[in-house]
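Structure, as structure tokens:
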Amino acid sequence: MSARLFSFVAGDSGAWRIVELRAIVGATLAPAARLEVVNAPLEHAVQAWVLRGVTSNERYVRHDERRQLVDRQPVLGRAQATCATLIPIRKSDAWWGLSQDERRRIFEERSRHIETGMRYLPAVARRLHHCRDLGTPEPFDFLTWFEYAPADVGNFDRLLRELRDSEEWAFVEREVEIRLAR
Ligand code: HEM
């Protein structure tokens, strides 16, 4: 589990400078100056807040979609990708009460999440972390992490608008957007 565990630690230190932190829906998070992404057991004291999640198996991706994603998605940590955004998301009980096939229908057949996201590859690199898999009460269900070059900020903004206009986002009850630079 620990290799898959990522902690996002906000405070006075960290590789990433917090440029902007704002709630999109629901309660916000405390302001902080910097953020560190830690892929190891946490040793330093938490300063402002810490969010934890684990990478996991895919739930919705189909075989053909997986092939296209593997072909196009870039790795994290590219030298030119000096912008990042962390978006913690919590979905409603109504979402979690749906069956797996109903969720897939909303996520892809009706909201086109993968098809939309794919148009922004390889500009945007991403990693999805699941919080419910930790088995402890967590404030969010997902921690989504994106990296891109300054020239792609406008594209990333457009991607967010497209996804937030979709039916899937009607099930988002808490979302905070944390813009970062290094
Ligand atoms: C960069 C383009 C993007 C691509 C290619 C992409 C692709 C995907 C894929 C393939 C999954 C499904 C993983 C699975 O099968 O379990 C997924 C899930 C998810 N994505 Fe994206 N995505 C992108 C951008 C975004 C953005 C900008 C956000 C947030 C604003 C976001 C939020 C999420 C969330 C919360 C999930 C989990 C949904 C759930 O399990 O209910 N994605 N994404």
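Which one of these is more than 24 Å from Gly14 (Cα to Cα) and either under 16 Å from the mean Cα position of the chain (by Cα) or β-branched (Val, Ile, Thr) (or both): Arg90, Arg62? If you could, list the steps in order and put the result at the bottom.
On the way: Arg62 fails: either under 16 Å from the mean Cα position of the chain (by Cα) or β-branched (Val, Ile, Thr) (or both).
Every option except Arg90 fails the conditions.
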query: Among the residues of the range 163-171, is any over 21 Å from Ala30 (Cβ atoms), near the ligand (Cβ under 10 Å from one of its atoms), of a type in the set (A, V, I, L, M) and in contact (Cβ under 8 Å) with a residue 24 or more places away in the chain?
result: yes
- prompt: What are the pairs, 6+ residues apart or on separate chains, where a residue within the range 59-80 that is surrounded by 12 or more Cβ atoms within 10 Å (Cβ to Cβ) has its Cβ under 6 Å from a residue that is in a helix (DSSP H, G or I)?
  reply: Tyr60/Arg104; Tyr60/Phe107; Glu65/Ile114
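Of all residues in the range 119-134, which are within 7 Å of the ligand (Cβ to nearest atom) and within 15 Å of Asp152 (Cβ to Cβ)? Break it down stepwise before answering.
Taking the range 119-134 as the starting set, the residues that turn out to be within 7 Å of the ligand (Cβ to nearest atom) are 120-121, 124, 126, 128.
The answer is Tyr120, Leu121, Val124, Arg126.
A short reminder: the numbers here are calculations on the coordinates, not readings from a lab. Nothing here was measured: the structure is a model prediction, and the numbers come from that model. Methodologically, a virtual Cβ is constructed for each residue, glycine included, from the backbone with ideal geometry; neighbour enumeration extends over all protein chains shown.
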